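The values are calculated or read from the model by the stated rules, or taken from the named source; none is laboratory data. The model shown is predicted, which means the values in this text are computed figures rather than measured ones. With ideal geometry, Cβ positions are generated from the backbone for all residues, glycine too; neighbour counts draw on all protein chains shown.
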Amino acid sequence: MRFEFLELPGEAGTLFRPVVPVQFEDLEEAPQLCLVDTGSTANRFGAWLAEATGVDLAGAPETAVNIGGVTTTARHARADLTIAGLRYDAPISFCDPWPFGFNLLGQEGFLRFFRVTLCAAEGWLDLEAEQATRDSSRGR
Amino acid sequence: MPSFTISGHRFELDQSGVERCLQDRLPDPVHEHYVVVRGRRFPPKQVIACATGLDRADFTTHQARRILKRLGFVAARAARERQASEAETGDGSRSGRQAAALRPYIGKWVALAGPTEVLVAAETPQEVLGWLAQHERRAAYGMFRVPASLAEAEGAAPA
């Protein structure tokens, strides 16, 4: 499935960002536009999203992580993500504080589940689900 | 201050008073007509209902538009605008239109029904979720915060 880069207003012209709409748990009315971040080892989401959808982070293991110049507390849990029509159970680090506008899709919770082809020259990315993702999605 | 008779009641309204009463309100969904108040698009009936305390059933969209135009607000039709922008880019390329559509919302959380169709903009993601639930709308394109700077767009945190 192909997704066009998001065009953002910038000080010196338009900025293009590779993003994917992600349904978090059952939040169908508000897919989160997430930034594909090949440098991130894990999915990093704002903790507000867990709170807004009732994902229980009590007792979740915590670590301090540095992202984009900010030290934040990441609580590690699992949640259902639906991307390109496939719903799967993903590991996610819920971070607080999270001063960013986008959640990040990284290796463990995203790139292991999808093959990604990026074309910055034309401003799009293609996702192809791994066979294991398709198999596990069928049962959900 | 200009005065108007609406539904048998007399009101004195001015632009700054209308702007003040809407400053903490999020715009309801715009179906066709809207007026621009401090850079945000509101349905005309929402604006007049807020400014006068009248029920929206007490007056028409046409009346509301006429009053707001007299007060100096820009009024337009959303459907007409969409058709024009679609005609502009028949090749499917957004070619800067999305960035232009998002520019008024820099620093805000937005929910988009389509690449250039902003349903709601607010200070927090919780407000956006609340608005979508209240109005039973779906942000089919997604929600996010429009970065306020190049650094934010590139992944650095706001200072």
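Tabulated results
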item: Members of the range A:93-122 found to be crowded, with 17+ Cβ neighbours inside 10 Å and among the small types (Gly, Ala, Ser), listed by number; result: A:SER93, A:GLY101, A:GLY106, A:GLY109
item: Residue count, the range A:4-61 (criterion: on the phi > 0 side of the Ramachandran plot and either in a loop (DSSP other than H, G, I, E, B) or of a type in the set (Phe, Trp, Tyr) (or both)); result: 3
item: Residue within the range A:69-86 that is aliphatic (A, V, I, L, M) and out of contact with any strand residue (DSSP E or B) (no Cβ under 7 Å at 6 or more places or on another chain) present; result: yes
item: Qualifying residues in the range B:109-137 (those that are at the interface with another protein chain (Cβ under 8 Å from one of its Cβ atoms) and in contact with a helix residue (DSSP H, G or I) (Cβ under 7 Å, 6 or more places away or on another chain)) - the one surrounded by the fewest Cβ atoms within 10 Å (Cβ to Cβ); result: B:GLN126
item: Options A:ALA58, A:ALA50; residue that is more than 10 Å from chain B (Cβ to nearest Cβ), hydrophobic (A, V, I, L, M, F, W, C) and loosely packed, with under 15 Cβ neighbours inside 10 Å; result: A:ALA58
item: Residue tally, condition touching a residue at least 24 places away in the same chain (Cβ under 8 Å), at the interface with another protein chain (Cβ under 7 Å from one of its Cβ atoms) and either farther than 16 Å from A:THR82 by Cα or basic (Lys, Arg) (or both), over the range A:11-47; result: 1
item: Residue within the range B:22-40 that is in a strand (DSSP E or B), closer than 30 Å to A:GLY46 by Cα and modelled with pLDDT under 90 present; result: yes
item: Some residue of the range A:96-110 being at positive phi, within 14 Å of chain B (Cβ to nearest Cβ), within 13 Å of the chain's Cα centre (by Cα) and not in a strand (DSSP E or B); result: no
